[in-house]
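This report refers to the structure that appears directly beneath it.
The values are calculated or read from the model by the stated rules, or taken from the named source; none is laboratory data. If you're wondering where the values come from, they're calculated on a predicted model, not measured in any experiment. Glycine gets a Cβ as well: all are built from the backbone with ideal geometry, and neighbour counts include every protein chain shown. Side chains are part of the model used for accessible areas, which takes the heavy atoms of the whole protein and leaves out ligands, DNA and RNA. Shrake-Rupley method; radii C 1.70, N 1.55, O 1.52, S 1.80 Å.
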Protein chains: 4
Amino acid sequence: MKLTSDAKGVYVIAPTPFHPDGRIDESSIDRMTDFFVKSGVTGITVLGQLGEAPKMEHAESVSIVKRVIGRVKVPVVVGVSAPGFAAMRALTRDVMDAGAAGVMIAPPNTLRTDDAIAQYYRQASEAIGADVPFVIQDYPLTFSVQMAPSVIRRIVTENPSCAMLKHEDWPGLEKISALRGYERDGSMRHISILTGNNALFLDFEMERGADGANTGYCFPDMLVDVVRLSKEGKRDEAHDLFDAHLPLIRYEQQPGPGLAVRKYVLMRRGVIASDTLRKPGAQLTAPARAEVDYLLSRLARKDPRARV
Amino acid sequence: MKLTSDAKGVYVIAPTPFHPDGRIDESSIDRMTDFFVKSGVTGITVLGQLGEAPKMEHAESVSIVKRVIGRVKVPVVVGVSAPGFAAMRALTRDVMDAGAAGVMIAPPNTLRTDDAIAQYYRQASEAIGADVPFVIQDYPLTFSVQMAPSVIRRIVTENPSCAMLKHEDWPGLEKISALRGYERDGSMRHISILTGNNALFLDFEMERGADGANTGYCFPDMLVDVVRLSKEGKRDEAHDLFDAHLPLIRYEQQPGPGLAVRKYVLMRRGVIASDTLRKPGAQLTAPARAEVDYLLSRLARKDPRARV
Amino acid sequence: MKLTSDAKGVYVIAPTPFHPDGRIDESSIDRMTDFFVKSGVTGITVLGQLGEAPKMEHAESVSIVKRVIGRVKVPVVVGVSAPGFAAMRALTRDVMDAGAAGVMIAPPNTLRTDDAIAQYYRQASEAIGADVPFVIQDYPLTFSVQMAPSVIRRIVTENPSCAMLKHEDWPGLEKISALRGYERDGSMRHISILTGNNALFLDFEMERGADGANTGYCFPDMLVDVVRLSKEGKRDEAHDLFDAHLPLIRYEQQPGPGLAVRKYVLMRRGVIASDTLRKPGAQLTAPARAEVDYLLSRLARKDPRARV
Amino acid sequence: MKLTSDAKGVYVIAPTPFHPDGRIDESSIDRMTDFFVKSGVTGITVLGQLGEAPKMEHAESVSIVKRVIGRVKVPVVVGVSAPGFAAMRALTRDVMDAGAAGVMIAPPNTLRTDDAIAQYYRQASEAIGADVPFVIQDYPLTFSVQMAPSVIRRIVTENPSCAMLKHEDWPGLEKISALRGYERDGSMRHISILTGNNALFLDFEMERGADGANTGYCFPDMLVDVVRLSKEGKRDEAHDLFDAHLPLIRYEQQPGPGLAVRKYVLMRRGVIASDTLRKPGAQLTAPARAEVDYLLSRLARKDPRARV
């Protein structure tokens, strides 16, 4: 099953669970994978930035991907961003052989012109193979690469295998409108747009034309519901649910400690056994942990299903 | 009245109101200044980033400062960041003569080492005069300069006239804890810490030891209440009020359109006559305007005093 | 006399001479201006990066420009880059009134997409007036803005008043070839291309199609000769002269101490009275000074006219 | 044989030779390795930035290292910089097992404070093992990380296995003086300082206290001679030789095309069979190739041994 430009719903970004000593925790992977499916996700993205991909050796990466793919029926997308095309091609080859639906590629932070960005994606697609569906990761805050809507259109047009945009520019609402405008005026074919950035603007992103979310917020069940309510036109209900989670969304969206928050909540929810990050990784301090506990207790009052 | 390290409460960041043709709108300045005082702010900061300072000529800047100072009894702090010390000195001289309480200085985005940052503030203080109280603006997202807590300690220690930190690092909670820890262990004298970043973390920043807020969110009255409730130990009440505003806070915190949102709401509240930004400035699109309207209508249901 | 796209030869970048106490040294300005004219320059650019422009107050800037203009017949271009259009417009107005031939504008280092760069120059041109000839300063090393040749073409096409490119990209030879190629294929009108970067590649830049140099190397007389020899097709002679100066060119091209080297040599040549830089400015250390002395002694053996 | 802080002379940065179709060219590796030894180098660094390391898969990297080590008696240092410690550790383990003398580590370009830089090297050393000698690569132009001399001192002091600094800051002469000053005043133990940056300042770097060069200029035999002459106190002879090469050094030092120039000259010298770069890699244009040919013809007249 290959990733297509019709992808919709929630492609959850999966963290990588570790034992306290840093080894990969395979039974937590299984439990987490089942939890995601039960939460209603329509896809799973592994080895993204928040999957601690750079801390994994190649063989570990491949084994994680295989484990997840072997357990689910939904498409699995794999982050293959790398400083060079050799490593990108090697990982792509191995995970596509294992049954991945496609790969996600972020731009290296040295790209500075529209031409350079477009060229990079052409070369990347050539490196991994023109038949491998790929996702553009547009995350300027982390990658320092700004992609104007017209550059995304160029990438989409020049690369038939480009199926999806992981949209996490900030501010980003007008970018969704611009891209959907290109589709309406016929200057760009349709692609799937799923939004990231820990869902901080998911409420309005759906209304601007996003197809769903591609992020790893610790309550993916809520993401599924917000996407569904928004699609059904239940605007107030979507916002009510979203707003209840926003204090925690905001807290988890912090770069650095955010991933520790996510793992801590997933641990408290019983999904993974330990909130360990591999080095180097920010640890939650005691005050931060207490703040998350407080946010969870407040959340439980507003969204009863969010009791942990 | 000089700014001191005992500053507390809300130092609101004042936008600069313009007529639709770009001229400074003096009657809106007056109305806005009165509104701020009535909202309970303890200070006003003018000509910050969101005061569109770089779009003003020197004489305009000075006249705005004089107008605000002439109208209030609270301290007025003036942003004097400039690409060179000559312009910084000239503006500081003129606004201090006019009765400003102190100035705010952001680091130029070329600084890359701890030594370079510390040296810059020594030189800046020498340029403006060692008797002029100044505020460090620590806003890495915009200025690309990362200040470790130990660098802030160095600046505070080397410059007796450093009175305040405008804290807007992100993530930033641990930085407040670290600085207050320095005060407790005696390695740094006390300074005022007021937080910015459109108050996105004001709830927890207060609990970590901040003295208040130094930001321009379009409901400064709410900031005043959250700071007060937090100081009084009314934690749940502080968070309830804060959470009611968080969807709009988040929306206004977007770099670029954020200032347009702020001015639009202040216009809708009757505080300023027009939401015009001087060029170059992002305009709110029609969809964005409708989104803000929707957020305001939702807010009015949760915080009745926030009806506009 | 307005700057046109036919500009050729050497537009020397003028440093600003100061007295040891930091005041502007007017008699050194006069002597330096005469020296430039005698050296054969075809234009003078004042208040560029290496003219310490950001350290000058507005009135000082204008008085320097007037002094230089009053003394020469060649066109004088003025750097007006500023963090906002208000200051840029004010300075442009005053210097054009005083008889400047045009202005030079560098992009702010926040620009990240082709669209943003093109928009900036449209807005800048609108701010200063469509009748004011301007020079694009393309210096990515300092300004962190990368302009692809196609972006420069857009700026040239969208702004009839764009007369010149100060080319200092690095590497930059292919960019000159690309731009001249646009002229040949009719997709861009002709502009003047003068090269900066302390002339580090002037030898080959001339051969790629540059019209001359726009830099402040401490032997502008040599720049004039290299440009002339190259235009006359005396390739080996041009390179011989250039190579004799290359060790010093390279030394002076260092960002930071470079300007101190330039002023030190101009002082040793008797052109300016003091090599003082305004704060903040790098001072030459004793070892650096001795290294420059050694380079000068070696240069004098290779280029007898370069005896100081 | 482990790398020690007494390292001296020229540690040449080895490019990786490819066949025109992109496969590794093993016989060129052998010929190049022999050429380096014959040129008098005292060490070889493989898989640095200009060894196209990011374009190699892990197994390829290890095989190259083994091939070079198996052929020489001089120490071989291996670049192991990677986006995560897992890949860094894996490569270090494999190359140290194969007999490497040490590894070279560049900082990731996200580091922004002195504390973060020092912490990174502690964690890296812990990841690769405290017994593995390592080289700090200080190359701000490419990595965007500025290390003050005091930070380098911290790294050296906190990590006994830090043996060498690959110095390629720019400007960088004062940094060498500062570090040697630390050694003299007893605040830092001695380390080897070899300089990079394509030797653009090797003449003066030696005089400031460098122990030699760690770069890959296409005439490593010249580097060996300049280092030797400088050590022998033959200042004028060292500069004469250096100056003869400076026009080509400068040309090869251009980021991007520089590596293509280097390979092209090595091919013309008969050292490697093809000047192919793996994708993505800048190709020399025809005009650039002609420029290098011209520089070589001029060089041959000044340094007869440099005839190719």
### Criterion: closer than 27 Å to B:Gly70 by Cα and either open to solvent by less than 10 Å² (accessible area, probe 1.4 Å) or modelled with pLDDT of 95 or more (or both) - qualifying residue of B:Gln137, B:Gln119
B:Gln137
### Query
On the given criteria, is B:Ala87 farther than 21 Å from B:Met164 by Cβ, within 12 Å of another protein chain (Cβ to nearest Cβ), surrounded by fewer than 19 Cβ atoms within 10 Å (Cβ to Cβ) and hydrophobic (A, V, I, L, M, F, W, C)?
no
### Task
For the range B:155-170, name all the residues that are away from chain D (no Cβ under 14 Å) and touching a Pro at 6+ places or on another chain (Cβ under 9 Å).
B:Ser161, B:Cys162, B:Ala163, B:Met164, B:Glu168
### So D:Ala286, is it closer than 16 Å to C:Glu205 by Cα and open to solvent by 10 Å² or more (accessible area, probe 1.4 Å)
yes
### Task
Go through the range C:216-263 and count every residue that is at positive phi and at pLDDT below 95.
1
### Message
What's the number of the only condition in (1) within 14 Å of chain B (Cβ to nearest Cβ); (2) open to solvent by less than 10 Å² (accessible area, probe 1.4 Å); (3) over 23 Å from C:Ala286 (Cβ atoms) that D:Ile152 fails to meet?
### Response
(3)
### Message
For the range C:282-293, give me each residue that is part of a loop (DSSP other than H, G, I, E, B) and either within 21 Å of the chain's Cα centre (by Cα) or more than 8 Å from chain D (Cβ to nearest Cβ) (or both).
### Response
C:Ala282, C:Gln283, C:Leu284
## Note on the structure
Of the residues in the range A:245-276, those that are hydrophobic (A, V, I, L, M, F, W, C) and either buried (at least 19 other Cβ atoms within 10 Å of the Cβ) or within 14 Å of another protein chain (Cβ to nearest Cβ) (or both) come to A:Leu246, A:Leu248, A:Ile249, A:Leu259, A:Ala260, A:Val261, A:Val265, A:Leu266, A:Val271, A:Ile272
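Just to be sure, is B:Thr92 touching a strand residue (DSSP E or B) at 6+ places or on another chain (Cβ under 6 Å) and not basic (Lys, Arg)? Can you show your working first?
Working: touching a strand residue (DSSP E or B) at 6+ places or on another chain (Cβ under 6 Å): yes; not basic (Lys, Arg): yes.
Yes; evaluated as a whole, the condition is true for this residue.
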### Query
Within the range B:91-106, which residues are surrounded by 20 or more Cβ atoms within 10 Å (Cβ to Cβ) and assigned to a helix (DSSP H, G or I)?
B:Leu91, B:Thr92, B:Val95, B:Met96
### Query
Name the residues in the range D:206-227 that are within 14 Å of another protein chain (Cβ to nearest Cβ) and open to solvent by 10 Å² or more (accessible area, probe 1.4 Å), would you?
D:Met206, D:Glu207, D:Arg208, D:Gly209
### Task
Out of the residues in the range C:59-75 that are assigned to a helix (DSSP H, G or I) and more than 12 Å from chain B (Cβ to nearest Cβ), state the one that is surrounded by the most Cβ atoms within 10 Å (Cβ to Cβ).
C:Val68
### Task
Of the numbered conditions (1) farther than 30 Å from C:Thr113 by Cα; (2) away from every other protein chain (no Cβ under 14 Å); (3) in contact (Cβ under 8 Å) with a residue 60 or more places away in the chain; (4) touching a helix residue (DSSP H, G or I) at 6+ places or on another chain (Cβ under 9 Å), A:Gly102 fails exactly one; give the number of that condition.
(1)
### Query
Filtering the range D:14-40 down to residues that are of a type in the set (A, V, I, L, M, F, W, C) and open to solvent by 10 Å² or more (accessible area, probe 1.4 Å), which residue is nearest to D:Gly79 (Cα to Cα)?
D:Ile24
### Failed criterion for D:Arg307 (all others in (1) in contact (Cβ under 8 Å) with a residue 12 or more places away in the chain; (2) farther than 25 Å from D:Met206 by Cβ; (3) away from chain C (no Cβ under 14 Å); (4) out of contact with any Pro (no Cβ under 9 Å at 6 or more places or on another chain) hold)
(1)
### Task
Could you list all residues from the range B:107-116 that are within 18 Å of D:Arg153 (Cα to Cα) and surrounded by 19 or more Cβ atoms within 10 Å (Cβ to Cβ)?
B:Arg112, B:Thr113, B:Asp114
### Query
C:Lys279 versus (1) open to solvent by 50 Å² or more (accessible area, probe 1.4 Å); (2) farther than 19 Å from D:Leu202 by Cα; (3) among the basic types (Lys, Arg); (4) in a helix (DSSP H, G or I): which is the lone unmet condition?
(4)
### Task
Output yes when any residue across the range A:215-225 is in contact with a helix residue (DSSP H, G or I) (Cβ under 8 Å, 6 or more places away or on another chain), β-branched (Val, Ile, Thr) and closer than 24 Å to B:His245 by Cβ, and no when none is.
yes
### Task
Might you let me know whether the range C:45-58 holds any residue that is in contact (Cβ under 8 Å) with a residue 12 or more places away in the chain, of a type in the set (S, T, N, Q), within 12 Å of chain B (Cβ to nearest Cβ) and buried (at least 24 other Cβ atoms within 10 Å of the Cβ)?
no
